[in-house]
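Taken together, the values in this text are just the output of simple stated rules run on the coordinates, not laboratory data. These figures come from a predicted structure and were not determined experimentally. Cβ placement follows ideal geometry from the backbone for every residue including glycine, while neighbour counts extend to all protein chains displayed.
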Amino acid sequence: MALQIPFSPPDITEDEIQAVSQVMRSGWITTGPRVREFESALQNYLGVKDIVCLNSATAGLELVLRMWGIGEGDEVIVPAYTYAATANVVLHTGAVPVMADCAPGSFNIDPQEIHRKITPRTRAVIPVDFGGWPADYDEIIRVLEEHKSDFKPAHPRQESLGRILLLADSAHAFGAEYKGRKLGGVADITVFSFHAVKNLTTGEGGAVAFSDTLAGADLARELRLWALHGQNKDAHAKQLAGGWRYEILLPGYKHNMTDLAGALGLVQLKRYSSLMGSRKKLYEYYDFLLSEGEWFIRPPFQSADKLSSWHLYPLRIRDAGEEKRDRLILAMNQAGIGVNVHFIPLPLHPLYQRLGYVIRHYPEAYRMYENEISLPLYSQLSQESAEQVVTQLEKLV
Ligand SMILES: *Cc1c(COP(=O)(O)O)cnc(C)c1O
């Protein structure tokens with residue numbers, strides 16, 4: 001049965017369709033001028049100098065780890081409360097994902113947990129800005145600085161930074177702000193996702209932003225190599241007159257963004273402040289509608305230090321456990337409303353259980369998960385539909 005109120009459809013207008021059609025008619029559909037244009041538009045929007053677009057956030061996270069010389073024998077700290085991508089990229093490199101619990105009452109990683117989990121093998125930490133709500137970056141950086149004196153670099157990149165790498169999984173948080181700065185320039189390296197369900201979409205896609213405190217131009221150049229077979233020219237440069245000769249410099253992967261995606265992203269970015277505005281309004285409306293109940297714990301979206309990108313509305317049902325929450329989801333679905341759970345903590349999945357992770361070591365993550373229910377949130381959701389969602393939910397609760 002099709003849902004009457006879906007969970008998160010993409011917002012695509014005639015402008016996106018026109019832009020992609022133009023690329024299709026142009027004779028050049030893969031990485032080329034549209035991707036370069038999208039990268040500079042992203043640089044302007046985020047206020048950072050160096051950005052590389054790729055075909056996913058997952059690819060970005062993995063390539064950064066590889067570029068940083070991370071592999072077997074190394075450890076990377078990731079949240080227990082995240083999507084599989086954050087941990088799987090670590091597994092791909094041969095390193096061990098070390099999971100950290102949530103801060104009490106928060107969906108985000110606990111900086112104190114990071115402190116406790118750091119060992120001489122720790123090479124990177126990957127916080128997630130869950131639902132668009134920024135992680136506690138200053139506290140995390142303080143922890144990494146504290147451990148600076150016992151950091152032993154095992155790669156020139158690690159040596160030049162001089163401490164554990166702060167690599168942000170900002171898949172949810174494009175446009176979110178921390179202490180007045182847009183994410184992208186806050187962590188050492190920040191990875192965004194443009195997957196179909198994310199705030200800004202290119203169908204599939206992602207971008208890696210380098211903080212201005214790093215040698216960003218140099219890093220961006222190397223990342224482009226890693227993303228395209230280590231080839232020193234992309235296909236577009238090769239097809240220009242006299243451009244046939246190229247060199248393979250390192251054993252790279254195949255993770256470049258297409259111009260079809262770049263064109264889509266350019267239009268989405270132009271519309272982005274309006275897309276964000278609709279999400280913010282809905283967020284505030286949900287907050288208003290749900291404010292009466294002693295039943296609900298609402299997600300944060302604005303504080304002195306942080307501004308959300310309003311990616312998810314992760315509501316918690318006070319005192320509910322997994323079983324009650326699951327029944328609620330079923331009943332909401334039966335009423336034609338698309339709701340979801342973000343996320344099933346990694347230690348509850350068979351893969352990570354086989355690898356030895358146990359949920360009881362992450363009690364805060366479990367507490368956040370057991371009563372979480374993500375309400376529909378997307379730019380075209382009407383106020384009437386939002387009201388219908390809340391009415392139905394309150395009735396069921
Ligand atoms: C969506 C998501 C990713 C992966 O993004 P892709 O672009 O699909 O690779 C990574 N981390 C989190 C937290 C996500 O939600």
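Observations
- Whole-angstrom gap from segment 63-92 to segment 135-159, using each part's C-alpha centre: 16
- Segment 288-346-segment 161-186 distance, computed between alpha-carbon centres (Å): 25
- A DSSP coil position with no more than 14 other Cβ atoms inside 10 Å describes the following GluC sites (Glu not before Pro) in segment 237-331: Glu247, Glu292, Glu294.
- Net length available on complete extension from Arg121 to Asn333 is 71.8 nm, with 0.36 nm assigned per residue and the Cα-Cα distance removed.
- Dipole of the chain, positive end: most advanced residue of Tyr362, Phe210, Gln334 [Cβ charges, Cα centre]: Phe210
- The GNM of the chain, with springs linking C-alpha atoms under 10 angstrom apart, assigns the highest mean-square fluctuation among Ile118, Ile17, Ile317 to Ile17.
- Cα shape, segment 226-271, gyration tensor, a/c 1.5 rule: oblate
- Relative contact order of segment 157-293, defined on C-alpha pairs under 8 angstrom at six or more residues apart (%): 16
- Karplus-derived 3J(HN,Hα) values for segment 26-40, using 6.51 cos²θ - 1.76 cosθ + 1.60 with θ = phi - 60°, are 7, x, 9, 10, 9, 3, x, x, 5, 5, 4, 5, 4, 4, 5 Hz; glycine and proline are entered as x.
- Placing unit charges on the Cβ atoms only, positive for Lys and Arg and negative for Asp and Glu, gives segment 214-255 a dipole magnitude near 160 debye about its Cα centre.
- Cα-based Lys pair tally, segment 216-364, threshold under 22 Å, eight or more apart or on separate chains: 6
- Each Lys and Arg Cβ is given +1 and each Asp and Glu Cβ -1; about its Cα centre, the chain then shows a dipole of about 820 debye.
- Amide H contacts under 5 Å for Met99, placed H, 5+ residues apart: Val78
- Modelled spin-label separation between His361 and Glu72, with each label point placed 7 Å from Cα along the Cα-to-Cβ direction: 2.2 nm.
- Net length gained if the chain between Glu146 and Ser382 were fully extended (0.36 nm per residue, minus Cα distance): 80.2 nm
- Whole-Hz Karplus values for segment 84-90 come out as 3, 3, 4, 8, 5, 4, 5 Hz, taken residue by residue from phi with 6.51 cos²θ - 1.76 cosθ + 1.60 and θ = phi - 60°; glycine and proline positions read x.
- Helix-only [θ]222 nm of the chain, DSSP H runs n ≥ 4, -39500 (n - 2.57) each, per residue, nearest 500: -12000 deg cm²/dmol
- Extreme residue, positive dipole direction of segment 163-302, given options Leu225, Leu282, Val186 (C-beta unit charges): Leu225
- Dipole moment magnitude, nearest 20 debye, segment 153-268 about Cα centre, only Lys, Arg, Asp, Glu C-beta charged: 80
- Gyration tensor verdict on the chain (Cα atoms; rounded if a/c is under 1.5, prolate if a/b is larger than b/c, oblate otherwise): oblate
- Dipole-positive endmost among Val125, Gly265, Ala103 within the chain (Cβ charges, Cα centre): Gly265
- Vicinal HN-Hα couplings computed from phi for segment 352-359 (Karplus, 6.51 cos²θ - 1.76 cosθ + 1.60; Hz; Gly/Pro x): 6, 5, 4, 7, x, 7, 10, 4
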